[in-house]
Every structure is written in C-alpha cells, then in structure tokens.
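The values are calculated or read from the model by the stated rules, or taken from the named source; none is laboratory data. Everything numeric in this text was worked out from a predicted model, so none of it was measured. Cβ: placed from backbone, ideal geometry, glycine included. Neighbour counts: every protein chain shown.
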Amino acid sequence: MIVALLVAAVSIAAIGCSKKDASDSDTQTTSKSTLESIKAKGTLVVGTAPGYPPFEFIKSTDGKSEVVGADIDLANKVAEKLGVKLEIKTMDFDSLIPALVSDKIDMAITGMTPTDERKKTIDFSDVYFTGTNSLIVKADFNKKAETAGDLKQLKIGVQKGSTQEILAVEKLKVPNTKSLLNIPDLVSDLKNGNIEAVIASSTVAKINEKQFEGIKVLDIKGLSSSDAGETAAIALKKGNNEELLKEVNSLIKELHDSGEYDKILNKNIDIAGQQNAEK
C-alpha cells in the first residue's frame, strides 16, 4: 500500500510538472513579440486589396499580371528594413481586418484610413499618406467654383462609398449628387454632360487627367481641409507590437524626411496613368 501511495504521489507530481512546463512554454510563445515572430519565420506577410491606383493595382506586362503600387513599394521598404522577405496576399478590402485578427497576415498596407471604429479592433502606424481632394471638370468648364460652397450650384459626381461621397452629401450638403462605383465611369458621365464636376482624391484626379483628354483638375478651397481629405496608415494586429510599430514609424519618418515617399507616389501615379491609357 505504501509503495502504491508513493508511486501515485510521484505520478501526480510528474503530471503537475508537465502541466507547469507546458504552461511556461505557452507563456513564452504568447510573449513573443510580433517583430520577433516575423524575424523568426524570415517573411513579412502583407495583405492588400488591389483596385485603388496608384496605391495598389494590377499591372499587366507581356501577358503576365502583378500587383504594384505605392503601397507595394512601401511594403518592400518595410521588409527591407526588417531584413526579411516580402510575401503579398491579395484579398477583398473587408477581409483584411479579419485576416489580421486571425494571424493570416502580419500587416495590411492598402490605403486604409485609421478611423476610431477600426482602432477598436486593430492598431495603426503613423499616417504615411495625407491626401487632399480636387475637382475634375471638363476642359471648357467656365462656372464659378472657387470654394466648397460653390459646389452646391453644380451637379456633383462622387465614387460610391468613398470619403468624397460623405464629404459631398453629409458635410457640404450638395443637393444634386450622383454616386457611381468608379472614377472612370464618373469621368465618362462628366464628358457626356450628365454631371458637371467630380470630387476625387487629388492623386486619383492626376491619374485621370493623364488618362483622359478634355478634362482638367481644379483645386478648390474647402476640399482639402484635414477632415475633408484622406489619410492612410499601416494596420497591425493589436497587442505585443510596440517594437514593430517603432520600426515602421521610423521608416515612415525617414521616407518623408528624405522626400523618398513623394518619389514613390509620383512614380506610381505615372505607371497607373500609362496603364489605364493603354486599356
């Protein structure tokens, strides 16, 4: 009986130690930072949603398609700084945050605006892009359009679901607006006389000005204020990412201080314009 009791006690102790070791191992795994995990696997997995030139879009060359854009160049810069390889995963925009939360990607770089609602679920880097809005009009446009208030007298086109739609309808309260799915369709409507102007991101407006003849871009007071423009930041999973954020924010500052980001953006504006013009 004594022997049996001793054997049982030793077994219970061993089980207890085993559980403790497993618990310690789990704690160590959990405590590993996002940056350490990325460096350990040697690959940075970035999610993006192509279809938003010049930030991310599909470029076709000799029958082969690839994802390119300013955000892809930025992703390459991040991977280079971390000393790892880059893997791009393309998906629908609304799948990016769930992919971050479930560890399918390490970060999302896709022109995502760091809204208060999104910050409840994920973390963001410093803003790497702050955009302004411009007005696209026909080349022979001659109506008054000097301030945002003047737009109430015009029939305005905006992209459906965009920040520009919110600006026109909710903030400026333009009474006559038309929403379409993409900017090229709005430009076609503009050239056909169905609308008189299109509110668009200045970067997007520049691309369309290169692509289409017979239009021009106007800078209007009141369209480029901080609450009317657009911003973009890199999205990361919440928690244990302080080191990674420090590296990413440092890179963003370097790119802006050196003027390198402006070069990246302008290069991709030209590529997107040429790509669209060839279609």
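Just a few scattered comments:
- Flag if Glu213 is assigned to a helix (DSSP H, G or I) and surrounded by fewer than 21 Cβ atoms within 10 Å (Cβ to Cβ): no
- Scanning the range 159-191 for residues that are basic (Lys, Arg) and not in a loop (DSSP other than H, G, I, E, B) returns Lys171, Lys178, Lys191.
- Of all residues in the range 137-158, those satisfying the criterion of being of a type in the set (A, V, I, L, M) and either part of a helix (DSSP H, G or I) or not assigned by TED's automatic domain parsing to the domain that holds Asn182 (or both) are Ala148, Leu151.
- Here Asp103 fulfils each of the conditions (1) of a type in the set (D, E, K, R); (2) on the phi > 0 side of the Ramachandran plot; (3) part of a strand (DSSP E or B) apart from (3).
Residue by residue, here is whether (1) surrounded by fewer than 21 Cβ atoms within 10 Å (Cβ to Cβ); (2) polar (S, T, N, Q); (3) in the same structural domain as Phe141 (by TED's automatic domain parsing) holds:
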| position | (1), (2), (3) |
| --- | --- |
| Gln164 | no, yes, yes |
| Asn182 | yes, yes, yes |
| Asp185 | yes, no, yes |
| Ala197 | no, no, yes |
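- Any chance Phe141 is modelled with pLDDT of 90 or more and within 20 Å of Leu244 (Cβ to Cβ): no
- Selected residue (criterion: farthest from Leu255 (Cα to Cα)) from residues of the range 37-83 that are among the β-branched types (Val, Ile, Thr) and either part of a helix (DSSP H, G or I) or out of contact with any helix residue (DSSP H, G or I) (no Cβ under 7 Å at 6 or more places or on another chain) (or both): Thr61
- Only a single item in (1) surrounded by 15 or more Cβ atoms within 10 Å (Cβ to Cβ); (2) among the aliphatic types (A, V, I, L, M); (3) more than 15 Å from the chain's Cα centre (by Cα) is not met by Met112, and it is number (3).
- Between Leu218, Leu255, Leu223, the distinction of being at pLDDT 95 or above and on the phi < 0 side of the Ramachandran plot belongs to Leu255 only.
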